[in-house]
1. With each pseudo-label sitting 7 Å past Cα toward Cβ, what's the LYS53-GLU11 distance in nm, one decimal?
2. In segment 309-364, carbon and sulfur make up what percent of the accessible area (probe 1.4 Å)?
3. So, R0 is 41 Å and r is the distance between the beta-carbons of ALA89 and GLU39; what FRET efficiency does that work out to, to 0.05?
4. For the chain, what does -39500 (n - 2.57) per DSSP helix run (n ≥ 4), summed and divided by total residues, give at 222 nm, in deg cm²/dmol to the nearest 500?
5. Would you mind counting up the charge near VAL31? Only other residues with Cβ under 12 Å from its Cβ, with Lys and Arg at +1 and Asp and Glu at -1.
6. Taking the mean number of other Cβ atoms within 10 Å as a proxy for protection, how do you rank 83-94, 279-290 from highest to lowest?
7. What shape does segment 67-152 have by the C-alpha gyration tensor, where a ≥ b ≥ c are the square roots of the eigenvalues, rounded means a/c under 1.5, and otherwise prolate means a/b greater than b/c and oblate the rest?
8. Rounded to the nearest 0.05, what FRET efficiency do ASN318 and ASP198 have when you use their Cβ-Cβ distance and R0 = 51 Å?
Amino acid sequence: MNTEKSRALFEEARKYIPGGVNSPVRAFGAVGQTPRFMEYAKGAYLYDADGNKLLDYVGSWGPAILGHAHPEVVEAVRDACLRGLTFGAPTELETELAKQIVEAVPAVEQVRLVSSGTEACMSAIRVARGYTGREKIVKFRGCYHGHSDGLLVKAGSGLLTGSVPDSAGVPKGYAETTLLAEFNDWGSVEALFSAHSDIAAVMVEPVAANMGVVPPEPGFLEGLREITKRHGALLIFDEVITGFRVSYGGAGSYYNVLPDLVCLGKIVGGGMPLAAYGGLREIMQTVAPLGPVYQAGTLSGNPVAVTAGITTLDILKNHPEIYNQLEQMGAVLEQALRAKGLTVNRVGSLLTAFFTDGPVRSYGDALRADTDRYARFFAHMLEHDIYVAPSQFEAMFLSADHGEDVIRRTVDVIEAMEL
Ligand code: KE4
């Protein structure tokens, strides 16, 4: 595969951008390759600067559930641009998207639109602290909720990829108010509630996807719901990945567990910089200008990004067969990877192949994966023009454009793999 142009572009980028990328996981550090610089994308494919056509299983880390450059979304965004990019004033469009989210996500009675998943999670934590008057939060080792200071403690995603789960620059005080539990280990949560009476909230990815995909064990989410209720703490589902991914109603609907607050991102913005947090009306009334919890944003709810979100959710709502297709294609891919002796965790169109023996049901299990073998898997797939996540601790994402022919070709490449 010719990568000359990407190499040159990467060298130039590194002169002006730290690491040559605007988000660390894109640098391909864990797989020891030159990141491919993309020129455009369409459907299930990315087209890089060297003219390589790559079958995409990253999907921009989740947003591209309809495939890249869906014609209806692109047309709606183009029309919105012609009416102005941002007003800094309320629009009817924001109410329309807010209503779609409220109607889709059971726990959400009111919602605030923001510009990134990080902002959504950071704001939800502030609301939980403002609403309960308590300071401490519980997160799970290996879960990632964006890069706000208090949540960058033993985080997943790019931190795990670089095997440094704590960031420099986070004041000690933040780390002291962030308590760590083990995903799928309800006892580790109970121990924290026994030791701390001032826990404001438990934040969890209902399907962990930043240590690789690790689904909740039966009863785990229900257990978090019970213990937070019992102790007067809030349960926050970070559905930035799972929202509108594992089902139209997200993981709360899929597992029938109702949190108090929900964070959304990626799909909800249709690929544009848009995210959201929302929950019970009583809790959301604490948000300014109504209540004492301040949160704001120049580009929050801007009409172009909101239009992309509205159009995307409309298509997903009006075509529920998309989720059936995603489930079926995900199952075929899972089977092919299992046949190679890999441990595969999957929920619908979200999956990870772990290079390890035995089940992966926790952060500790995930850490035992052989990242060198994963790097060889990555190289094998890329040699066959298939683009998977450049890290063992991320997920594969399918889209509505990953039809049978695409999956069949992927299965053939997997079957030919010798790792
Ligand atoms: P953003 O700030 O990147 O929009 O969202 C942060 C975030 C919050 N919550 C969850 C569950 C997330 O997965 C993310 C971001 N996901 C990563 C990939 N695992 C984004 C990719 C990147 O950092 O470049």
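The values are calculated or read from the model by the stated rules, or taken from the named source; none is laboratory data. All of these numbers come straight from a predicted model, not from anything done at the bench. Quick reminder, even Gly has a Cβ in these numbers, built from the backbone with ideal geometry, and neighbours come from all protein chains shown. These accessible areas exclude ligands, DNA and RNA; they are computed on the full protein's heavy atoms, side chains included. Shrake-Rupley method; radii C 1.70, N 1.55, O 1.52, S 1.80 Å.
1. 3.0 nm
2. Its accessible area is 47 percent carbon and sulfur atoms.
3. Working: r = 35 Å, r/R0 = 0.86.
Rounded to the nearest 0.05, the efficiency is 0.70.
4. When only DSSP H runs of four or more count, the value is -11500 deg cm²/dmol.
5. Overall, the nearby charge balance is +2.
6. 279-290, 83-94
7. Because a/c hits 1.5 or more and a/b exceeds b/c, segment 67-152 counts as prolate.
8. FRET efficiency, ASN318 to ASP198: 0.65.
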